[in-house]
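Everything on this sheet refers to the single structure shown next.
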Amino acid sequence: MSNIQKAIIGALTVLVLGAAAYFFQDGLSDPKPNKSDGPENILAEQKDLLAAAEQLQMSIGDSCDNKKEANKKIQEIEKKLADLAGRKKNWLDNVPPLPDIDPDDIVMIPDADAGRPGSEMPELSSDVPPLPDIDDADIIDPDEYILQMAESEKKIINILQALKALCQEETEKPAPKTVSDKCSDACQRYKDCAAYTEDATPADLNDAYDTCLEECQTWPKEMIKCINAVEIKAPNDCVNFLPCQLPQFYEEKYLP
């Protein structure tokens, strides 16, 4: 085989391989729509999902005793509905667009010649009934896929919203915080507040604590709890001690 023949064969091989790679890549970048994503199948699956939602609604009833299991099934239907919505969008995106119309191709109807016999418009008498009003909804075929899909989606969403409201799980309430009734805790708060006083020395703080301990022995337990319920994090927090000196305040909150 001559060098020229080898060169020709080599060039043909490159062309064949290049064309095969092009068509393979083109097939990947522009996949054909899946037949299962056609409007008939999407609508059929929507109707099946609607039937499942209605069946779930019947099984739950008016009480929704098993909220955890019900919410799990609701989420499964929501996931399937979202998948169908994605497939519907993909179908709509692949619908061929209407062809462009060149204005030059439009045939214009010539104006009627007023002199031509029969061209005059007859005058309508007053007893001719007016044309009936036409509702736009009457023009649209209710069997169109897009309308049926929208109706099915709306029904499913309405059912799911009703079930979610009925089967809402109650969040666990945190356990009530235990408030101390010890004088040592209450007096520590007085000491913390005294620390915000300008030029207060450690001896002054200890004196405030000891004085509080002596007086606290005569305080009602409800008053001590009222003081211990106050968190001291800033000087303004110390003002919250004042209502605790009023029996009508602390008794309302802490009297058993």
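Readers should treat all values here as calculations from the given coordinates under stated rules, not as data from a laboratory. What you see is a predicted model, and the numbers here were worked out from it, not measured in a lab. For neighbour counting, all protein chains shown are included, and Cβ atoms are generated from backbone atoms with ideal geometry for every residue, glycine included.
Observations on the structure shown:
- Low-density loop cleavage sites - GluC sites (Glu not before Pro) in the stretch 147-195, where at most 15 other Cβ are within 10 Å (DSSP): E169, E170, E172
- Fully extended contour minus Cα-Cα distance, from K47 to K154, at 0.36 nm per residue: 37.4 nm
- Estimated FRET transfer efficiency (A165, L242; beta-carbon r; R0 41 Å; 0.05): 0.35
- Over the C-alpha atoms of the stretch 183-254, the Rg to Rh ratio, Rh being the Kirkwood estimate, stands at 0.97.
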